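Down below is the structure, laid out as structure tokens.
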Amino acid sequence: MPDARYFHEIAGPFAITHYPGPDPYLVGSIEGPICKLLTMDWKLLEIYSSGHYGFGSYDAGVWLVGPGANGLGTSAEETEQRLGGWHRRGQREMDDLYLFHAASGDIGWFGTRPQVDRTLSRLSRFTLAMNGQRTSDESVRAYQAKQLGRLSNKDVCMVNLLTANASSKPWPFALSRVAYLSDPDRFVDQFLTRRTRHIRSRLARHKPRLVVFYDRTHAAIWSRIAGAEFTTTEVPSCQAARSKDTLFMLLRHPESVGTTNRYFEVAGELAARLLSANPLAAETTT
């Protein structure tokens, strides 16, 4: 685990020393090492929140775009570890999902017997169904562990609107002394506009054949990024739109109440049909 000296080396005066006793930034904190609150490099967190966009390669023909995930974990210790790993890997805009987590020793979703993450597994299920491949639990588990979000996967990448889910409770950055990091609403206000603009610019440059937005509560933002209005499809709670080069789909979030594995399989099959019905979109190079 990086100590305070490590963060001073990479961020100079922005780094904050860890206090092993009562934490001066936490009112009513638990005394002693039980608290184990590692005050972190908030400047590096700001750089991450502004400059990290997801996993895989923008050159992929399929983009899976979500509202945001707590990739830095839910505790100060996890956040410090993962920020350090991201920094050591070169502060990449698009990273490798496995290597990003492995840098902090967190490999539970990978390996020969990975834990199943609901969001990652259902995005894997959608991708397999779209490609006409088996969607058995083992096939999905294997795709999640070995292919999803990898830099070596030139077919699919994952993009996040924000680097944290603003609805997360507790808010992982609540202890920051930086106002727009400590409050989820301010966090959104600080980063949403610039990140939306950046995703649009990357989309215009790379022209993927399919972009899947997963989370219907952000439909207005997805429409702005796509530059198109979504219309209903034959699949309930699944909409679609087209541009000259790209098919856009709007799905439910994998974690939303009532969503099933079968929903993502059917949506993947629909994506394959819609791409086949539009040869220009299906043949767009990246």
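The values are calculated or read from the model by the stated rules, or taken from the named source; none is laboratory data. What you see is a predicted model, and the numbers here were worked out from it, not measured in a lab. Cβ sites come from the backbone with ideal geometry, for glycine too, and all protein chains shown count toward neighbours. All accessible areas refer to the heavy atoms of the entire protein, side chains included, with ligands and DNA or RNA removed. Shrake-Rupley method; radii C 1.70, N 1.55, O 1.52, S 1.80 Å.
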Worksheet, complete the sentence: Among residues of segment 155-186 being modelled with pLDDT under 95 and farther than 26 Å from Thr217 by Cβ, the residue surrounded by the fewest Cβ atoms within 10 Å (Cβ to Cβ) is Arg177
Discussion item. Whether any residue in segment 223-238 is over 20 Å from Asp155 (Cβ atoms), in contact with a Phe, Trp or Tyr (Cβ under 7 Å, 6 or more places away or on another chain) and open to solvent by less than 10 Å² (accessible area, probe 1.4 Å) is what I want to check.
Written reply: no
Discussion item. Quick check on segment 109-131. Is at least one of its residues without any contact (Cβ under 8 Å) to a residue 24 or more places away in the chain and among the aromatic types (Phe, Trp, Tyr)?
Written reply: no
Worksheet item: What number of residues within segment 244-258 are touching a Leu at 6+ places or on another chain (Cβ under 9 Å) and open to solvent by 10 Å² or more (accessible area, probe 1.4 Å)?
Response: 2
Item to complete: Please enumerate the residues belonging to segment 45-67 that are farther than 18 Å from Arg177 by Cα and either modelled with pLDDT under 90 or in a strand (DSSP E or B) (or both).
Response: Gly54, Phe55, Val62, Trp63, Leu64, Val65, Gly66, Pro67
Worksheet item: Looking at segment 165-181, which of its residues are of a type in the set (D, E, K, R) and without any contact (Cβ under 8 Å) to a residue 24 or more places away in the chain?
Response: Lys169
Worksheet item: Is segment 80-95 home to any residue that is charged (D, E, K, R), modelled with pLDDT of 95 or more and open to solvent by less than 20 Å² (accessible area, probe 1.4 Å)?
Response: yes
Worksheet item: Taking Trp42, is it modelled with pLDDT of 75 or more, aromatic (Phe, Trp, Tyr) and farther than 30 Å from Leu250 by Cβ?
Response: yes
